[in-house]
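The structure under discussion appears below in the form of structure tokens.
Throughout, read-outs are computed from the coordinates displayed, never taken from laboratory work. Keep in mind that what you see is a predicted model, and the values were worked out from it rather than measured. Note that each Cβ is placed from the backbone with ideal geometry, even for glycine, and that neighbours are counted across all protein chains shown.
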Amino acid sequence: MSVRAAVAVEEFIGEAAFPNSILADPMSREAFLLERNEDLPPDAEQVPPGFWKRQFSAAPTAKQDRFDWTFSVILPVICIAFDPFVFRTYGGGPGLFEKFAPIAIPLSYTAVMAMMLWLLMGKRLGATNALLSGIFGVCAVVSLAIGVVLFPFSLVGLIAIIGVLGFTPLCMSFSLLRNAVRAYRVA
């Protein structure tokens with residue numbers, strides 16, 4: 001009979017399953033169960049992985065997947081479609097990054113399409129993951145640069161609530177960097 005079964009019988013009956021066993025003593029039982037777990041010293045508690053280890057672990061969580069879909073696929077498309085002043089303006093003046101628009105907009109759409117491919121196919125892409133990792137890395141750097149420049153405008157725009165969308169490039173750069181590392185490890 002296993003230890004768990006003996007404990008279950010003891011809890012059910014209310015007395016030790018094996019009266020002469022050292023496992024009848026609760027302190028001895030805990031020490032025995034801790035000794036069976038050889039990864040941890042007897043007095044150590046299991047500490048969950050830290051923030052950065054969780055973010056760059058091989059297996060994404062459901063929340064990370066939602067974050068990646070939201071900030072690397074959906075919101076970038078919305079931001080480019082309804083761009084008020086970054087790449088073009090509706091008032092007639094030049095956009096903040098208007099001269100970079102011929103490179104930045106196709107690069108953003110490349111990142112969006114690559115992210116969709118990665119999130120849907122993942123490890124099944126094989127050697128293509130190395131290419132995706134490079135795309136994600138380059139796009140993460142460009143997105144970070146755009147996000148840093150937009151940061152002050154986004155803070156001011158928070159008054160009108162629309163400024164929240166200005167933080168999309170920063171969140172996108174984090175998501176792209178995390179998935180670049182994951183795609184590189186799989187490749």
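Things worth noting here:
- Distance (nanometres) between label positions extended 7 Å along Cα→Cβ at Ala81 and Ile162: 1.6
- Local electrostatic count, Gln64, Cβ distance below 9 Å [Lys/Arg +1, Asp/Glu -1]: +2
- Per-selection metrics, segment 53-187 (Cα): Rg and Dmax in Å: 15.2, 47
- Extension gain, Ile103 back to Met121 (0.36 nm per residue minus Cα-Cα distance, nm): 3.8 nm
- Each principal axis of the Cα cloud of segment 73-151 was taken in turn, and the coordinate range along them, longest first, works out to 47, 22, 19 Å.
- Full extension of the chain between Ala59 and Thr128 yields a length gain of 23.0 nm, computed as 0.36 nm times the residue separation minus the alpha carbon distance.
- For segment 54-80 versus segment 104-150, the gap between their alpha-carbon centres in whole angstrom: 12
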